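The values are calculated or read from the model by the stated rules, or taken from the named source; none is laboratory data. Since this is a predicted model, take the numbers as computed values, not measurements. FYI the Cβ positions are ideal-geometry reconstructions off the backbone, even for glycines, and counts take in every protein chain you see.
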Amino acid sequence: MFNRDIEQKVLDNLQKSDLWTKHLKDDCTKQEVFLAIRPNNEVSFYHKGGNLFGFDENNGFKTNIKYAAVIENPDENYLTEKDLKNEKLISNFSVNYERIKENCEKYSGVEAQGVSEIYHKHSYLSEKDIIVLDIEVSFEGNKDKIDILLYNKVTKTLKFVEAKHFSNSEIWSETIPKVVSQIRKYEEQIQLKKIEIIEAYKKYINTINEMFEKSIPPPEMVENEVTLLIFGFDSDQRNGRLQKLIFENESFVEHKVYCAGSAKNANLNALWNK
């Protein structure tokens, strides 16, 4: 069952932690970090396209080993084999928070970084009418994650968006691109789980309102159609390959497609109304 339930005791433990009080709460408020509620009493924190931290009842905070694999308080920028005898890895997430953030950004792919440009600018903690409510939404475990969930606070409507960088081969084909099949599958899942989705994000928004003292209204509807966002191209690419294989491809006729040369400059109102 699709849900975004989280127990109060999990939130209480999160909000009492040093990592939250000293770093994460402020960075979320500044939209430098994006908090997303996950199934099974988990919370994820995203930064610049990477999953910076996860938090759950049993383990507390966790992060990818690539982000935390740094030397604690190094004396120099370079490390010799001899130095290894006296150095040790970081032992505290809060103390070494900024270095973990730096590593998180370094390991993010071009597509994830592009999506982050949108959620860092238009998160649910912004004052805009159309906001990013969730990212990496999965209906079937960890498979087939939809990149972005937008929310229109005026119409109280949810809208899913699949984001692809111009270099992604899944959008290119002279017949039917792979992304078209993806979108059709997502739309079928949305139709089947529409009531569950709305109810799950009512709880999600209640939690966000409580944590950040917001008053975001609960959703009442979810759009059936998934919009495809294509980004990361210049004017020559737009007038060439994009024109021929996207705008002139009959496979996309029945789907909504919004193109933005830079994800950072994507207009959410235009994306919503496409």
(request) Hey, can you tell me all the residues within the stretch 1-38 that are of a type in the set (A, V, I, L, M), over 13 Å from K101 (Cβ atoms) and in a loop (DSSP other than H, G, I, E, B)? (result) M1, I6
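Answer yes if at least one residue in the stretch 85-94 is out of contact with any strand residue (DSSP E or B) (no Cβ under 6 Å at 6 or more places or on another chain), loosely packed, with under 14 Cβ neighbours inside 10 Å and at pLDDT 90 or above, and no otherwise. Can you show your working first?
Initial filter on the stretch 85-94 (out of contact with any strand residue (DSSP E or B) (no Cβ under 6 Å at 6 or more places or on another chain)): 85-86, 88-92, 94.
If we keep only those that are loosely packed, with under 14 Cβ neighbours inside 10 Å as well, we get 85-86, 88-89, 91-92.
Next, only the ones that are at pLDDT 90 or above stay: none.
No, the stretch 85-94 contains no residue that is out of contact with any strand residue (DSSP E or B) (no Cβ under 6 Å at 6 or more places or on another chain), loosely packed, with under 14 Cβ neighbours inside 10 Å and at pLDDT 90 or above.
Determine whether the stretch 52-61 contains at least one residue that is part of a loop (DSSP other than H, G, I, E, B), modelled with pLDDT of 90 or more and surrounded by 14 or more Cβ atoms within 10 Å (Cβ to Cβ).
To start, the set of residues in the stretch 52-61 that are part of a loop (DSSP other than H, G, I, E, B) comprises 57-59.
Narrowing the set further to residues that are modelled with pLDDT of 90 or more leaves 57-59.
Adding the requirement that they be surrounded by 14 or more Cβ atoms within 10 Å (Cβ to Cβ) leaves 57.
The answer is yes; a qualifying residue exists.
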(request) Considering only residues that are in contact with a strand residue (DSSP E or B) (Cβ under 8 Å, 6 or more places away or on another chain) and of a type in the set (S, T, Y), look in the stretch 176-225 and name the one that is farthest from W20 (Cα to Cα). (result) Y186
(request) Output yes when any residue across the stretch 216-225 is at pLDDT 95 or above, under 22 Å from K143 (Cα atoms), buried (at least 19 other Cβ atoms within 10 Å of the Cβ) and of a type in the set (A, V, I, L, M, F, W, C), and no when none is. (result) yes
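Please find, among I183, I198, I190, I171, the residue that is without any contact (Cβ under 8 Å) to a residue 60 or more places away in the chain, out of contact with any Phe, Trp or Tyr (no Cβ under 8 Å at 6 or more places or on another chain) and aliphatic (A, V, I, L, M). Spell out the reasoning first.
On the way: I183 fails: without any contact (Cβ under 8 Å) to a residue 60 or more places away in the chain; I190 fails: out of contact with any Phe, Trp or Tyr (no Cβ under 8 Å at 6 or more places or on another chain); I171 fails: without any contact (Cβ under 8 Å) to a residue 60 or more places away in the chain.
Within the list I183, I198, I190, I171, the selection yields I198.
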